[in-house]
Amino acid sequence: MRGDRSDNLEQAIAACESALQVFTRETFPESWAQTQFLLAKIYYERIRGDRSENLERAIAVCQLAFQVYIREAFPEGWTKVQTILATAYSEKIQGDRVENLEQAINNLLQALEDEDSYVRRRAVEALGQIGSEQAIPKLLQSLNDEVSGVRWRVVEALERIGSEQAVLGLLRSLQDEDYDVRWRAVNALGNLGSEQALPSLLEALNDEASGVRWRAVAALERLGSEAAIPGLLRALEDKDSKVRSNAAEAIGKIAPTDLRVIDTSINLLHSEQDYEMAIALIDRAIQFHPDIVELYMRRSELCSELGRYEEAVASYDRVLELQPDSFQSWSDRGDALSNLGRYREAIASYDQALSIEPSLSSIWCSRGELLAQLGRSEEAITSYDKAIEINPDASHAWYYRGNALIS
């Protein structure tokens, strides 16, 4: 609806009151009752005026609607009005709030046994909005309802109530045959942050439905317990990418300072070729460990595997700030620069590596290839000769040396 919501609600009240001049109880009883229901709903949501007075009006209009909406004759209408009535009573400030709220709750509890599943669903929703622990025993019985739409609404109602008894009901729901019930139960347990849910949420990581598994990972992240780490490490090998992604994020948040866990996680993600996730995990770990050279080395390797050579070079630069005598990092940096076509810089990087460890045939060979690319054939041949001197069986060096001689 367009315009200011407050203005719209006032216009809706006026429209309902006009409609009631036409739809009288005697001539159009159903339309009259439906209009009364709408009017009650609007008064409940009304922004203008005194809140207490608006609630009283909503309650009064609900009582009028019940003159037609008898449960036996109009179960859907009766349940809708009971929902508004109960929620209004739950907020009522003055008068006999407790007694009337109790009556409204009892009416809704009776509706849980109605043969019409629509009535049962709406009754569950209303009880969830009220959030009374008085409803829990009946709601737990409704977890056995034959209609899954009733059961998953019970899960949502139990989450709203949030008591220890409600949590027990949610744990039961993890075994439900219906996917919509299970994933909502997992989500609810994560939102409630109940430690007693930890074993069951870990078990949910084995659920046949990936939607349950990745929500279980997210729930474990919200719990934040380090006891979840072994299960989350297993989740890094899940066949579903969203499960793996959530698990990597959860591990990064729960154990960002545990280098052993981070290293294991990176290895598992690498084996699954989830390089992006591994880099994200490393980046989070670097926030807590900005001077751990191994993190930058792993990051460089992963960026190179993804073809993100600029990032790889930047990470190698950080490695060499921390460990300037790492000949392997100088060499790998040279490879990354070579892939960027920055041959002169790459040669300089190889030279640094060889100044630290001159007996590496492969680096002499790589150096020779780049010199040849730059048209510096004599220098290239000298590099190949050095590679062959160190390793006479270096077939690549012999091959490229021959090409350089022809050039």
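Only one of the numbered conditions (1) under 26 Å from ARG184 (Cβ atoms); (2) crowded, with 21+ Cβ neighbours inside 10 Å; (3) among the hydroxyl-bearing types (Ser, Thr, Tyr) is violated by SER245, and that is (2).
Which residues, taken from the range 2-19, are free of Cβ contacts under 8 Å to residues at least 24 places away in the same chain and either within 18 Å of ALA73 (Cβ to Cβ) or buried (at least 16 other Cβ atoms within 10 Å of the Cβ) (or both)? Before you say what the answer is, go through the steps one by one.
First pass over the range 2-19, keeping only residues free of Cβ contacts under 8 Å to residues at least 24 places away in the same chain: 2-4, 7-8, 11, 14-15, 17-19.
Passing the criteria: only ALA19.
Of the residues making up the range 320-332, those that are assigned to a helix (DSSP H, G or I), more than 16 Å from GLU369 (Cβ to Cβ) and touching a residue at least 12 places away in the same chain (Cβ under 8 Å) are LEU320, LEU322, PHE327, GLN328, SER329, TRP330.
Assessment of the range 208-226 against the conditions (touching a residue at least 24 places away in the same chain (Cβ under 8 Å), in a loop (DSSP other than H, G, I, E, B) and among the charged types (D, E, K, R)) yields no matching residue. Just one of (1) within 20 Å of VAL212 (Cβ to Cβ); (2) free of Cβ contacts under 8 Å to residues at least 12 places away in the same chain fails for PRO137. It is (1). Cβ separations smaller than 6 Å between residues 6+ apart or across chains give the following pairs from the range 362-388 residues that are under 15 Å from ALA348 (Cα atoms) and of a type in the set (Lys, Arg) to residues that are modelled with pLDDT under 90 and surrounded by 23 or more Cβ atoms within 10 Å (Cβ to Cβ): ARG367/SER383. Of all residues in the range 381-397, exactly one satisfies the criterion of being touching a helix residue (DSSP H, G or I) at 6+ places or on another chain (Cβ under 7 Å), at pLDDT 85 or above and farther than 13 Å from SER359 by Cα, namely ILE381.
Looking across the range 183-192 at every residue that is surrounded by fewer than 22 Cβ atoms within 10 Å (Cβ to Cβ) and touching a helix residue (DSSP H, G or I) at 6+ places or on another chain (Cβ under 6 Å), the one that is nearest to LEU109 (Cα to Cα) is identified as ASN187. Residues in the range 347-366: is at least one part of a helix (DSSP H, G or I), of a type in the set (D, E, K, R) and surrounded by 23 or more Cβ atoms within 10 Å (Cβ to Cβ)? Among the residues of the range 347-366, not one is part of a helix (DSSP H, G or I), of a type in the set (D, E, K, R) and surrounded by 23 or more Cβ atoms within 10 Å (Cβ to Cβ), which makes the answer no.
When the residues of the range 50-107 are filtered to those that are acidic (Asp, Glu) and touching a helix residue (DSSP H, G or I) at 6+ places or on another chain (Cβ under 7 Å), which remaining residue is modelled with the lowest pLDDT?
Step one: list which residues in the range 50-107 are acidic (Asp, Glu), which gives 50, 53, 56, 72, 76, 91, 96, 99, 102.
Applying the additional criterion that residues be touching a helix residue (DSSP H, G or I) at 6+ places or on another chain (Cβ under 7 Å) yields 76, 91.
On the way: GLU76: 84, GLU91: 77.
Step by step, filter the range 50-107, then rank; the result is GLU91.
Counting the residues of the range 256-309 that are surrounded by 18 or more Cβ atoms within 10 Å (Cβ to Cβ) and among the hydroxyl-bearing types (Ser, Thr, Tyr) gives 6. Which of (1) in a loop (DSSP other than H, G, I, E, B); (2) surrounded by 12 or more Cβ atoms within 10 Å (Cβ to Cβ); (3) touching a residue at least 40 places away in the same chain (Cβ under 8 Å); (4) of a type outside the set (A, V, I, L, M, F, W, C) does ARG48 not meet, given it meets every other one? Condition (2) is where ARG48 drops out.
Residue under question is GLU26, and the condition is that it be among the acidic types (Asp, Glu), out of contact with any Ser or Thr (no Cβ under 9 Å at 6 or more places or on another chain) and either outside any helix (DSSP H, G or I) or farther than 22 Å from THR87 by Cα (or both); does it hold? Step through it out loud before you land on a result.
Numbers: among the acidic types (Asp, Glu): yes; out of contact with any Ser or Thr (no Cβ under 9 Å at 6 or more places or on another chain): yes; either outside any helix (DSSP H, G or I) or farther than 22 Å from THR87 by Cα (or both): yes.
Against the criterion (among the acidic types (Asp, Glu), out of contact with any Ser or Thr (no Cβ under 9 Å at 6 or more places or on another chain) and either outside any helix (DSSP H, G or I) or farther than 22 Å from THR87 by Cα (or both)), GLU26 qualifies.
Considering only residues of the range 51-76 that are among the hydrophobic types (A, V, I, L, M, F, W, C) and without any contact (Cβ under 8 Å) to a residue 12 or more places away in the chain, which is surrounded by the most Cβ atoms within 10 Å (Cβ to Cβ)?
Quick first cut of the range 51-76, residues among the hydrophobic types (A, V, I, L, M, F, W, C) only: 55, 58-62, 64-66, 68, 70, 73-74.
Among the residues that remain, those that are also without any contact (Cβ under 8 Å) to a residue 12 or more places away in the chain are: 60, 70, 73.
Working: ALA60: 14, ILE70: 12, ALA73: 10.
My answer is ALA60.
The values are calculated or read from the model by the stated rules, or taken from the named source; none is laboratory data. Given the structure is predicted, the values throughout are model-derived calculations rather than measurements. Please note: Cβ atoms are built from the backbone with ideal geometry, for glycine as well, and neighbour counts cover all protein chains shown.
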